[in-house]
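Heads up: the structure comes next, in structure tokens.
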Amino acid sequence: MTSYTGKTKDELKKALADKRKALHDFRFASASGKVKNVKESRTNKKDIARILTALHAEVKTAAK
């Protein structure tokens, strides 16, 4: 598990795009039956949620 709390906003946005791309690729591979690790989808979704939480926390602290 990677910690996303110390990253900058640009790094978080890049990580978010990478995770969403990985989830997209996983879904296509899953549909064609090429997936060995079925838990990859769950970990990608959780990482996306962690990144979004870190982004929203950064926005919230910047607003104060």
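Values for this structure:
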{"read-out": "Residue-by-residue Karplus 3J(HN,Hα) for region 44-61, coefficients 6.51, -1.76, 1.60, Hz, glycine and proline x", "value": "5, 5, 5, 5, 4, 5, 5, 5, 5, 4, 5, 5, 5, 5, 5, 5, 5, 6"}
{"read-out": "Length-normalised contact order for the chain - Cα pairs under 8 Å, 6+ apart - percent", "value": "46"}
{"read-out": "Exposure proxy ranking, count of Cβ atoms within 10 Å, fewest first, for Asp47, Asp18, Asp10", "value": "Asp10, Asp18, Asp47"}
{"read-out": "Summed side-chain charge close to Glu58 - residues other than Glu58 whose Cβ falls under 12 Å, Lys, Arg +1, Asp, Glu -1", "value": "+3"}
{"read-out": "Extension gain (nm, one decimal) between His56 and Lys14, 0.36 nm per residue minus Cα-Cα", "value": "13.6 nm"}
{"read-out": "Rounded, prolate or oblate (a/c below 1.5 giving rounded, otherwise prolate when a/b exceeds b/c) for region 1-43 by Cα gyration tensor", "value": "oblate"}
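Laboratory data are not the source of any read-out in this text; all were calculated from the coordinates shown. This is a predicted model, so every value here is computed, not measured. Please note: Cβ atoms are built from the backbone with ideal geometry, for glycine as well, and neighbour counts cover all protein chains shown.
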